[in-house]
Amino acid sequence: MKTIEISGISKNYGQVPALRDISLEVNQGEIFGLIGPDGAGKTTLFRIMTTLMLADTGSGTICGMDIVRDYSRIRKIIGYMPGRFSLYQDLSVRENLEYFATLFGSTVGKNYDSIKEIYSQIEPFEKRRAGKLSGGMKQKLALCCALVHKPSVLFLDEPTTGVDAVSRSEFWKMLDRIRKSGVTVFVSTPYMDEASLCDRLAMIREGRIIGTGTPEQIISAYPYRLLSVAGGNMYPLLKILRNTEGVISCFSFGNALHLAYDPEKTGLPAILAKIRENGSEDCRIREITPGIEDCFMQLAGK
Amino acid sequence: MNTEYAIRIRNLVKKFGDFTAVDNITFDVRKGEIFGFLGANGAGKTTAMRILCGLSRPTSGSGTVAGFDICREQEKIKRNIGYMSQKFSLYPDLTVRENIRLFGGIYGLKDREIKEKTERMLDMLEMKDAGGRFAAELPLGWKQKLSFSIALVHSPRIIFLDEPTGGVDPETRRRFWELIYDTAGNGTTVFVTTHYMDEAEYCDRVSIMVDGRIDAMDSPAGLKERFAARSMDEVFRIVAGKAVREE
């Protein structure tokens, strides 16, 4: 049995389609990433899977329970951290935690082991009101509140949005430890660089899943050859290369350009000639393996 | 007015009670430069940026933005800079044309100028047919481009971009930076914050704030060399990783 099974889910808001025929499967104990930009439909899918909203069509199960019929049983075995800060600002750290434990008919003491590692970091501030915590501490408390009833599946909707690079990598280390304790993690993010930290992922754009698999599978399915071009005056070069025969796309990636070409229409010699022709002889050019972001852009452009 | 620098800041300090949010920072931004203003959450970026935009007064220190004094000429600063926030700050219930007209009016442009600018802007953005649509209905990438153009409606000498690319898809994010390049190419100074470290590489120079101070400032290439790092992401982890204080 799959931990999550979603089949043919669609949802419209009036005339606007939010999700179109979404199907996916998540295995027990894995970190499954839902990766895509704002407005792709990530939060709508979370709400449907966590039984907070009904889909127009399609069906799904969480741990074998139906997302429509068995909603009250599902709610007992999942943890959900919504994108917006969802704690009670006027309650203290400890009060929030106790409140969420009580809601699920449990106590903080009973499940303390499962949150201990994260909670110990905010325990010194137990009496502080949640509204007065820093962003990093709020995030840790929200995670504890979602974990305090020992859920089998943890849903995290954009837990790292607007968080700096250092705090983001700390958060992913926490997720890795949660996974090791046997919890299945379903997490969404707009940051492509977090894809490699997932066991498997689905890329979503404009309500459609455009690619799914392990990061390695997605990368190996990339259909073009990819070059990294660095050095020289990059921006004018980008404009020229983009309009070169056989070049599929050309975009900035940090300090280099990534150039995708169709090997049946052009080759390295022709591209090198084009670069030299434009006086950028000191460029460093090498063939590279695409990253998830290259794959996303290719699949999005289809 | 100084012809070489768009921003000159000397020993800027901002305290809230006992808390020093901005702790004695000094830096210059040259005209036409793309300057990346980085730092961890809570490092003091927003506080510093509010002072530069004339929205808050420093506790001590001095400086000029677009040639105007940050302590005494805040209204002139506001009139001479452009600002685009993360949230794009368009009015969702106004149409595209109405949004342009509103901001043009706020910045004191004449009706005829606004009309001309509107047409030119819609043309450039390839949004001719979308002029009558409500801002709320636009795709995210369009909203972003429109709000950028509106921030430039009064032809400011400097534009401040506060996390302009948060949450947008990878291609739109890159197309947006191409727009930034074109704007800087026309001589406008660009002051930008971002959480995407690959975007730090697109800046001419970058500063990294840690606990209210500027702990590193140089070109991306210079910073990578100094910290023996392969990417700006690595540089950021080394520099910002030393932060002591929380938000």
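The values are calculated or read from the model by the stated rules, or taken from the named source; none is laboratory data. Computed from a prediction, not measured in an experiment: that's the story for all the values here. Positions of Cβ are backbone-derived with ideal geometry, glycine not excepted, and every protein chain shown enters the neighbour counts. We work out accessible area using only protein heavy atoms, side chains counted, and drop any ligands, DNA or RNA first. Shrake-Rupley method; radii C 1.70, N 1.55, O 1.52, S 1.80 Å.
Residue check: is residue A:292 within 10 Å of chain B (Cβ to nearest Cβ) and either under 18 Å from residue A:219 (Cβ atoms) or modelled with pLDDT of 95 or more (or both)? Yes.
So in the stretch B:152-172, with the set limited to residues that are part of a helix (DSSP H, G or I) and open to solvent by 10 Å² or more (accessible area, probe 1.4 Å), which one is farthest from the other protein chains (Cβ to nearest Cβ)?
B:172
Is there any pair linking a residue in the stretch B:227-247 that is touching a residue at least 24 places away in the same chain (Cβ under 8 Å) to one that is of a type in the set (D, E, K, R) and assigned to a loop (DSSP other than H, G, I, E, B), with Cβ under 9 Å and at least six apart or on different chains, and which? Within 9 Å, the pairs are B:231/B:201; B:232/B:201; B:236/A:164; B:240/A:164; B:242/B:211; B:243/B:211; B:244/B:211; B:245/B:211.
In the stretch A:152-168, the residue that is nearest to residue A:190 (Cα to Cα) out of those that are open to solvent by less than 10 Å² (accessible area, probe 1.4 Å) and of a type outside the set (Gly, Ala, Ser) is A:160. Take the residues of the stretch A:197-243 that are in contact with a Lys or Arg (Cβ under 6 Å, 6 or more places away or on another chain) and surrounded by fewer than 19 Cβ atoms within 10 Å (Cβ to Cβ): which is farthest from residue A:276 (Cα to Cα)? My answer is A:208. Scanning the stretch B:173-184 for residues that are buried (at least 21 other Cβ atoms within 10 Å of the Cβ) and facing chain A (nearest Cβ under 8 Å) turns up B:174, B:177.
Kindly provide the set of residues from the stretch A:78-137 that are among the polar types (S, T, N, Q), within 11 Å of residue A:148 (Cα to Cα) and modelled with pLDDT of 90 or more, ordered by number. Hits for the stretch A:78-137 are A:96, A:102, A:106, A:107.
Filtering the stretch A:169-214 to residues that are away from chain B (no Cβ under 14 Å), part of a loop (DSSP other than H, G, I, E, B) and on the phi > 0 side of the Ramachandran plot leaves only A:182. Can you find a residue that is under 25 Å from residue B:125 (Cα atoms), in a helix (DSSP H, G or I) and open to solvent by less than 20 Å² (accessible area, probe 1.4 Å) anywhere in the stretch B:30-53? No, the stretch B:30-53 has no match at all. Within the stretch B:76-101, the residues that satisfy the criterion of being part of a helix (DSSP H, G or I), open to solvent by 60 Å² or more (accessible area, probe 1.4 Å) and farther than 12 Å from residue B:53 by Cα are B:97, B:98, B:101.
Within the stretch B:58-99, the residues that satisfy the criterion of being aliphatic (A, V, I, L, M) and farther than 14 Å from residue B:147 by Cβ are B:65, B:66, B:70, B:77, B:81.
Residue count for the stretch A:131-156 satisfying the condition of being assigned to a loop (DSSP other than H, G, I, E, B) and farther than 27 Å from residue B:245 by Cβ: 5. Report yes if residue B:147 is of a type in the set (S, T, N, Q) and in a loop (DSSP other than H, G, I, E, B), otherwise no. No. Restricting attention to the stretch A:15-45, the residues being within 14 Å of another protein chain (Cβ to nearest Cβ) and open to solvent by 60 Å² or more (accessible area, probe 1.4 Å) number 4. Among the residues of the stretch B:104-128, write down those that are within 23 Å of residue B:175 (Cβ to Cβ), part of a helix (DSSP H, G or I) and either out of contact with any helix residue (DSSP H, G or I) (no Cβ under 9 Å at 6 or more places or on another chain) or open to solvent by less than 40 Å² (accessible area, probe 1.4 Å) (or both). Once the filter is applied, which keeps residues that are within 23 Å of residue B:175 (Cβ to Cβ), part of a helix (DSSP H, G or I) and either out of contact with any helix residue (DSSP H, G or I) (no Cβ under 9 Å at 6 or more places or on another chain) or open to solvent by less than 40 Å² (accessible area, probe 1.4 Å) (or both), the stretch B:104-128 yields B:118, B:120, B:121, B:122, B:123. Scanning the stretch B:38-51 for residues that are among the hydrophobic types (A, V, I, L, M, F, W, C) and within 13 Å of chain A (Cβ to nearest Cβ) turns up B:38, B:40, B:43. The residue of the stretch A:100-149 that is most open to solvent (accessible area, probe 1.4 Å), among those that are more than 22 Å from residue A:175 (Cβ to Cβ) and basic (Lys, Arg), is A:127. Residues of the stretch A:132-144 that are free of Cβ contacts under 8 Å to residues at least 60 places away in the same chain and more than 14 Å from chain B (Cβ to nearest Cβ): A:144 alone.
Taking the listed residues A:67, A:62, A:6, A:48, the one that is open to solvent by less than 40 Å² (accessible area, probe 1.4 Å) and under 26 Å from residue A:295 (Cα atoms) is A:6, with no other qualifying.
Of the residues making up the stretch B:63-75, not a single one is open to solvent by less than 40 Å² (accessible area, probe 1.4 Å), in contact with a strand residue (DSSP E or B) (Cβ under 7 Å, 6 or more places away or on another chain) and within 14 Å of chain A (Cβ to nearest Cβ).
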